[in-house]
Amino acid sequence: MLVTVAALWFTGLGARLYDLQIVRHGHYEERARGQQRGELVLTPPRGMIFDSRGRELAMSVDVLSAYVNPRELDDPERTAGRIAQAIGADRNVLTERLAGSDRRFVWVGRQLDPERVQALRDLEIEEVGFTTESKRFYPFGPLVAAVIGFVGVDPTGLAGVELSYDEAVAGEVVRRPVVRDGSRQGRQLYESFGQPNPEPGADLHLTIDSSIQYVAERELRSAIAEYGAIGGSLVMLDPSTGAVLAMASYPGFDPNEYRSAPTEHKANIPLQHHYEPGSTFKLITAAAALESGAVDPFDRFDCGNGSIVFRGKTIRDHKSFDDLSFSEVIAFSSNVGAIRLGEAVGEQRLHEMIRAFGFGSKTGIDLNGEAVGIVHPVEDWNKRSVAYISFGQGISVTPLQLVTAFGAIANGGTLLRPYLVSSIDRDGALEAIPGRPEVTGNPITPKTARTLERMLEGVVEHERGTGKKARIPGYRVAGKTGTAEKPGENGGYADGRYVASFVGFAPARNPAVVALVIVDEPTTARYHGGDAPAAVFSKVAQHALLRLGVPRDEPPLDAPRLVASGPSGQSREVAP
């Protein structure tokens, strides 16, 4: 009997050994290889981001992340609860990840701050391990956040320059084979040498000047608070190159804590929002009038004492004007005068000028997410569209489009593509981005640009101009105010809701900066573009001019004269 049992036992053992070593040899060999060999993924530090003067706006720092092997846990639910309490994580989510996983590696905390790391270590949970990762850090916090963007834990760029230039800044991931022992912890014995180390990503140098940006954000924030507005934006360019000197949005956010910020606070308003421009758009109508030859610079216009009947509908002005010169139509911002200009130009030529200035198309700036605004085809215009569009209603533009268009007026008629990254630093070799400045069109002639420049100067420098608050001591300023009604939810326009704006450049005769300031829904009695936006422009542009070392206007120029009497006593316009 004993011999029979022994024989059966050895027969069974032999069959088991045959099954393990012969039949299932490949399966267990592959399983052992999977346990003993692995792959170490090495993510390089992202490149740094600098402003135009070399200040660090974004960098990478080493931080610790925590992980466990769920297969080693005797009580995954209890362990998940202890870890969640220590690092402030969601207990249910962590329990599901640990208890419901057959993986050997699960993150329990990514890119932890030192306090959370210590709290985890104090738990003395043997199965918790730590590894070093690279985390993005923004030393100036909210400053220029909407432009720079932010990075996820992967780390991958999720917005702004971090996203648009992710491939260059991220560097190249290196995957390195490793061999581990058979212990429970799977200790790494050695790694395959001869493999390249991950190279850090390329550094970016922006056109943004952080000093100008700081003043822009400070003054915009202050004006929004003073005038009870819900938000606003500012964008400033170098009109000779298209380089962006400042780009501010409010409300804003801290990219170091981007997960806790509301989605709408992370928007880059100059790039992603569009709005009806109101009276700032009258310069496009004026440009069409001059370029087409439909209007002479010396013409005068009957402004109907504040109203006009256009194709059966009465359209009212913001003030009562009688007879105005071309320059006065712009300086005093007469809607009726602008309608007279648009009527003289005609639908087709006005539409062509709008498109020539880039409205209805992306500017092509080197950032993702740019909006295009709304410019309807001329065949879709109704019988009064030419009137309303002439003074900035029935059309939608982005702030970036508008300031780019005014940049073309400032530089003599050349439309330039705006840009934010001036150069890329790869391994210490600074590479300028080729093809900049890039011309995208020539909507007007230099002669027309000079005429418009003088008209815009009258808006600010003339005593009855709407933009007097934009004046800068020592410099002549050219610009245009805008006070646009906001569309209502059920059609038409909402009562008491406005977008106030000012766009201009300085010095007027040799512009170094062009900027647009928008204050959204000011609630005080001073809700016009000549109030908060013009005042913000003055402060920010003055700082920028001094920062850039732009000489003051010497000798001081006389104030522009909009009209003068000829020999016959007839009033005629003269250039200032």
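The numbers here are math on the coordinates, done by the rules we state, and not lab data. Keep in mind that this is a model prediction, so the values were computed, not measured. Cβ placement follows ideal geometry from the backbone for every residue including glycine, while neighbour counts extend to all protein chains displayed.
Cα-Cα over 29 Å: which of 319/362; 362/468; 282/468; 383/469; 282/486? Kindly include the intermediate steps, with their values, before the conclusion.
Numbers: 319/362 35 Å; 362/468 32 Å; 282/468 18 Å; 383/469 37 Å; 282/486 17 Å.
Where the Cα-Cα span goes over 29 Å, the pairs concerned are 319/362; 362/468; 383/469.
Given H placed on each backbone N at 1.01 Å, which residues far from residue 109 in sequence or on other chains put an amide H within less than 5 Å of it?
Counting only residues 5 or more places away or on other chains, the set is 66.
Give a residue-ordered list of calculated ³J(HN,Hα) values for the stretch 215-230 (Karplus: 6.51 cos²θ - 1.76 cosθ + 1.60, θ = phi - 60°; whole Hz; x for Gly, Pro).
The phi angles translate into 5, 4, 5, 5, 5, 5, 4, 5, 5, 5, 5, 5, 9, x, 8, 8 Hz.
What is the distance in Å between the Cα centroid of the stretch 522-549 and that of the stretch 409-430?
25 Å
Under the Karplus relation 6.51 cos²θ - 1.76 cosθ + 1.60, θ = phi - 60°, what is the ordered set of whole-Hz ³J(HN,Hα) values for the stretch 545-551, x standing for Gly and Pro?
4, 5, 4, 7, x, 7, x
When only DSSP loop residues count, what chymotrypsin sites (Phe, Trp or Tyr not before Pro) in the stretch 294-323 have their Cβ near at most 15 other Cβ atoms within 10 Å? Intermediate values should be presented prior to the final figure.
Details: sites: 298, 301, 310, 321; in loops: 298, 321.
Qualifying residues, ordered by number: 298.
From the backbone phi of the stretch 482-498, what are the Karplus-calculated ³J(HN,Hα) couplings (6.51 cos²θ - 1.76 cosθ + 1.60, θ = phi - 60°) in whole Hz, Gly and Pro given as x?
x, 9, 9, 6, 8, x, x, 5, 10, x, x, 10, 7, 5, x, 10, 10
What whole number of Å gives the distance from the Cα centroid of the stretch 127-161 to the Cα centroid of the stretch 252-300?
Measuring centre to centre over Cα atoms gives 31 Å.
Taking the Cβ of each residue in 214, 138 as the centre, tally the other Cβ atoms inside 10 Å and list the residues starting with the fewest. Please list the in-between numbers first.
Details: 214 16, 138 24.
Placing the least packed residue first, the sequence is 214, 138.
Of 124, 264, how do they rank once you tally other Cβ atoms within 10 Å and put the fewest first?
On the way: 124 7, 264 10.
Ascending Cβ contact count within 10 Å gives the list 124, 264.
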